């Protein structure tokens, strides 16, 4: 929560929650937001490209000319080709806000006659898919204040000290630790969270977590530690999973010794963790997205939730379904996307898949190959808002190649990002302090905030909605935006009453005046309490009404490498890939505490906190003659980046790590001087659609510059 | 009376919220001026590693070495609460006096901006906030509740009297006004 001080229409300071109870204290990124608003690099007025795409040379134009040129390009592309030739790359820059977000363009282009949408999430698709498959819902988490109720906690590839996830998550972990609860971290890196909370760190090779989980299941079955009554009563298909674990069909029992060769984790350690997790009920496995951002990432989440079912840690205080972490309290996600979205069809993940949509990892390939390459459309124009896809989607060099091929590129932005440099028309967007909105916490929780406008829009910037309203007028689309900002928000708030279990919500005027609505809960809120206490009357929202360890839906879908039970499937670009000879290091791309993805990378307060570096274990550095603070090139067949080296003991040998989000800045030789991790990543997704940003092989060499 | 800080190193995750809150509250745009800083400390060999952070500002020492070192008498200590104060008019500036205060301080607390002959800046314990009955902004910002502020007597009563932690040695000479809870 941010409290913004304003004097004479100028933001002077930012404070955070100083109210009663557990305060919602802001992270460094929020505290630095003033410098973002007043950054000299803000885009100030509409611009038209004068140089080559990517050069960043533009001239100022008027809003009227901008609306005229953008609307005539939209019309020309639609009439010359088809509406589907327009690719709408509007992503998550403002996700969670009700009104000012990526859906403004979604609404405009839908009313205009169609477009090619994108689907997928760079963050948590594996988890989302697994939650929906296994539990029938993504509302499958506990509130953070339940963390100290556990007797044993595993943080699996999970680093909330840096990623925050939910405000106060790290705070509750420290309370759990102080209570004497044992916390274990399973992660290729010794993270800030491992250091602050865990008494045991188990380094694991990236992309192999599922093998360890399945071996833990083996230990539980072998030692009779699993809750057979729970499995019988609440789940489907455990027998099929058990047969796989024991190797009844494939003659390969998934023993700890089997997993040791895959994961690098000692068999004895796997046994110890399996026993401790099963025997210290209630116990929690906490995770979010990272281990699932791999080639078969959904298997990680499916198998993890299976472990929680095997131990009966579902629907009880101190347990956790180890699934998507939305707790059943407060406004649900549908409320967050607002009326603008609900009036449209197909915005939800399953719906998006049914449309001829492009997965976010395949945009560049689709632009380059079109229908001849098996894609649903020949893309001629990209319209990009609320995102920095050149930087944040995989394979940045291919992104550039693709964008250069297009006839037209329109971008809404606040800064001259690596993506903005490719715009033909570049339109300045205002910040969250320059408009009114409502927001719910992105992963749910017992509060929502009225984001009141604190200053007028700076320079000539406008919100996405204002820009699209201007375009709608030029395009002659009536009814695009007949309401004032306040009327929209009042409507949304009214509608939100049907999308919350926290009743009654205060009336709109009270909420607006108070600025925040905190839902008072006398105890933690947990998922599936009713389903466990009274299963007869409260089935799980799955086809079978039970927790689906075996999914009939997946059986019917019959997709290669998307089995109906959770299984370990070896990733590409893993330790048995022949490519390992050429590129012997696994790369993981992490979240930096200095940035929100690529946001804030240009903000001095944040930039100077820590250098942007690649982590390498001292052993791997030594064999390459690399020392701490050296400059190095990290490379593979997809590209080469220049970056400073951090030689550290905090990462498993054989793996290097780069914080994603640094701004792509290729030099004349094609070497990215910005150190953008996505230059190196393969533009591929898992069978269910996970963004495989932790499945990648590279090599690293010391460089002169 | 002497005001002081409490730092619970076992809680600190190195998130830098205190650093940014300090920069914002005091409008410090030159990031080489580190009124409050967070310093990581990595020890050990894979996979047996220790990592801790220390969040530190001026420790408002009982016997401040900076004060003694200042040739212009620009540094003083408030009698009422022991807060260190720098007289910006009296300070000679970094180029004129070779930053004797910075050299004398065992904790590198005195800070100078990049600009020519910049004057010394130091943690004020947010005296403007104290006047408003608020704690220093770093304390109120900490998402981990790892920082606290009060009189040294209050802090000792509440947290004990551990005066050293990895990354920080207690100076018998200056007697820094800070209490710790170590991580290891």
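For (1) within 11 Å of another protein chain (Cβ to nearest Cβ); (2) over 30 Å from residue A:95 (Cα atoms), each residue gets a yes or a no:
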{"position": "A:624", "(1), (2)": "no, yes"}
{"position": "A:627", "(1), (2)": "no, yes"}
{"position": "A:636", "(1), (2)": "no, yes"}
{"position": "A:642", "(1), (2)": "no, yes"}
{"position": "A:647", "(1), (2)": "yes, yes"}
{"position": "A:657", "(1), (2)": "no, no"}
{"position": "A:662", "(1), (2)": "no, no"}
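Residues that are assigned to a helix (DSSP H, G or I) and under 30 Å from residue A:371 (Cβ atoms) within segment A:116-141 comprise A:125, A:126, A:128, A:129, listed in sequence order.
Residue by residue, here is whether (1) at negative phi; (2) touching a strand residue (DSSP E or B) at 6+ places or on another chain (Cβ under 9 Å); (3) surrounded by 15 or more Cβ atoms within 10 Å (Cβ to Cβ); (4) in contact (Cβ under 8 Å) with a residue 12 or more places away in the chain holds:
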| position | (1), (2), (3), (4) |
| --- | --- |
| A:518 | yes, yes, yes, yes |
| A:522 | yes, no, no, no |
| A:549 | yes, yes, yes, yes |
| A:581 | yes, no, no, no |
| A:596 | yes, no, yes, yes |
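Yes/no per residue for (1) surrounded by fewer than 22 Cβ atoms within 10 Å (Cβ to Cβ); (2) more than 8 Å from chain B (Cβ to nearest Cβ); (3) at pLDDT 95 or above:
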site: A:13; (1), (2), (3): yes, no, yes
site: A:19; (1), (2), (3): yes, yes, no
site: A:24; (1), (2), (3): yes, yes, yes
site: A:28; (1), (2), (3): no, no, yes
site: A:33; (1), (2), (3): no, yes, yes
site: A:38; (1), (2), (3): yes, yes, yes
site: A:46; (1), (2), (3): no, yes, yes
site: A:52; (1), (2), (3): yes, yes, yes
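Test residue B:128 against the criterion of being without any contact (Cβ under 8 Å) to a residue 12 or more places away in the chain and within 29 Å of residue B:153 (Cβ to Cβ), and give yes or no. For residue B:128, the condition - without any contact (Cβ under 8 Å) to a residue 12 or more places away in the chain and within 29 Å of residue B:153 (Cβ to Cβ) - is met. Restricted to segment A:564-574, and to residues there that are crowded, with 19+ Cβ neighbours inside 10 Å and out of contact with any helix residue (DSSP H, G or I) (no Cβ under 7 Å at 6 or more places or on another chain), the residue that is farthest from residue A:300 (Cα to Cα) is A:574. Filtered by the rule that a residue be buried (at least 22 other Cβ atoms within 10 Å of the Cβ) and either assigned to a helix (DSSP H, G or I) or without any contact (Cβ under 8 Å) to a residue 12 or more places away in the chain (or both), segment A:142-160 gives A:144, A:146, A:147, A:160. When the residues of segment A:628-661 are filtered to those that are free of Cβ contacts under 8 Å to residues at least 60 places away in the same chain and more than 28 Å from residue A:399 (Cβ to Cβ), which remaining residue is surrounded by the fewest Cβ atoms within 10 Å (Cβ to Cβ)? Filtering segment A:628-661 for residues that are free of Cβ contacts under 8 Å to residues at least 60 places away in the same chain and more than 28 Å from residue A:399 (Cβ to Cβ), the one surrounded by the fewest Cβ atoms within 10 Å (Cβ to Cβ) comes out as A:629. When you go through A:656, A:645 one by one, which is the residue that is under 26 Å from residue A:576 (Cβ atoms) and not in a loop (DSSP other than H, G, I, E, B)? One residue alone meets the criteria, A:656. There is at least one residue in segment A:283-305 that is touching a helix residue (DSSP H, G or I) at 6+ places or on another chain (Cβ under 8 Å), over 29 Å from residue A:697 (Cα atoms) and in contact (Cβ under 8 Å) with a residue 40 or more places away in the chain. Could you list, in sequence order, all residues of segment B:140-151 that are under 26 Å from residue A:161 (Cα atoms) and away from chain A (no Cβ under 11 Å)? Once the filter is applied, which keeps residues that are under 26 Å from residue A:161 (Cα atoms) and away from chain A (no Cβ under 11 Å), segment B:140-151 yields B:147, B:148, B:149.
Among the residues of segment B:106-138, those identified as away from chain A (no Cβ under 11 Å) and outside any loop (DSSP other than H, G, I, E, B) are B:111, B:121, B:127, B:130, B:131. Scanning segment A:595-608 for residues that are modelled with pLDDT of 95 or more and over 14 Å from residue A:388 (Cβ atoms) gives A:603, A:604, A:605, A:606. Every residue in segment A:663-674 that is closer than 21 Å to residue A:29 by Cβ and surrounded by fewer than 24 Cβ atoms within 10 Å (Cβ to Cβ), please. Across segment A:663-674, the qualifying residues are A:663, A:674. Among the residues making up segment A:161-179, a single one is in contact (Cβ under 8 Å) with a residue 60 or more places away in the chain, within 9 Å of chain B (Cβ to nearest Cβ) and either in contact with a strand residue (DSSP E or B) (Cβ under 8 Å, 6 or more places away or on another chain) or under 20 Å from residue A:308 (Cα atoms) (or both): A:162. Exactly one residue out of B:35, B:80, B:63 is in a loop (DSSP other than H, G, I, E, B), within 20 Å of residue B:175 (Cα to Cα) and within 14 Å of another protein chain (Cβ to nearest Cβ): that is B:35. Can you find a residue in segment A:618-630 that is in contact with a strand residue (DSSP E or B) (Cβ under 7 Å, 6 or more places away or on another chain), under 25 Å from residue A:289 (Cα atoms) and not assigned by TED's automatic domain parsing to the domain that holds residue A:201? Within segment A:618-630 (the criterion being in contact with a strand residue (DSSP E or B) (Cβ under 7 Å, 6 or more places away or on another chain), under 25 Å from residue A:289 (Cα atoms) and not assigned by TED's automatic domain parsing to the domain that holds residue A:201), the answer is no, since none of the residues qualifies. Applying the set (1) over 27 Å from residue A:70 (Cβ atoms); (2) touching a helix residue (DSSP H, G or I) at 6+ places or on another chain (Cβ under 6 Å); (3) assigned to a loop (DSSP other than H, G, I, E, B); (4) at pLDDT below 90 to residue A:496 leaves exactly one unmet item: (3).
Just one of the numbered conditions (1) more than 20 Å from residue A:62 (Cβ to Cβ); (2) touching a residue at least 12 places away in the same chain (Cβ under 8 Å) is not true of residue A:478: (2).
Among the residues of segment A:243-259, those that are in contact (Cβ under 8 Å) with a residue 24 or more places away in the chain and either within 26 Å of residue A:136 (Cα to Cα) or surrounded by fewer than 19 Cβ atoms within 10 Å (Cβ to Cβ) (or both) comprise A:244, A:245, A:246, A:253. Scanning segment A:185-201 for residues that are buried (at least 23 other Cβ atoms within 10 Å of the Cβ) and within 14 Å of residue A:277 (Cβ to Cβ) yields A:185, A:186. Take the conditions (1) surrounded by fewer than 17 Cβ atoms within 10 Å (Cβ to Cβ); (2) away from every other protein chain (no Cβ under 14 Å); (3) over 21 Å from residue A:415 (Cα atoms); residue A:78 misses just one of them, which is (1). Residue A:606: outside any strand (DSSP E or B) and within 14 Å of chain B (Cβ to nearest Cβ), yes or no? Judged against the criteria, residue A:606 is a match. Of all residues in segment B:13-24, those satisfying the criterion of being farther than 12 Å from residue A:605 by Cβ and either at the interface with another protein chain (Cβ under 7 Å from one of its Cβ atoms) or out of contact with any helix residue (DSSP H, G or I) (no Cβ under 9 Å at 6 or more places or on another chain) (or both) are B:13, B:14, B:15. What about residue A:468, is it crowded, with 20+ Cβ neighbours inside 10 Å and outside any strand (DSSP E or B)? Yes.
The values are calculated or read from the model by the stated rules, or taken from the named source; none is laboratory data. Keep in mind it's a predicted model, so treat the numbers as computed, not measured. Neighbour counts run over all protein chains shown; Cβ positions are idealised from the backbone, glycine included.
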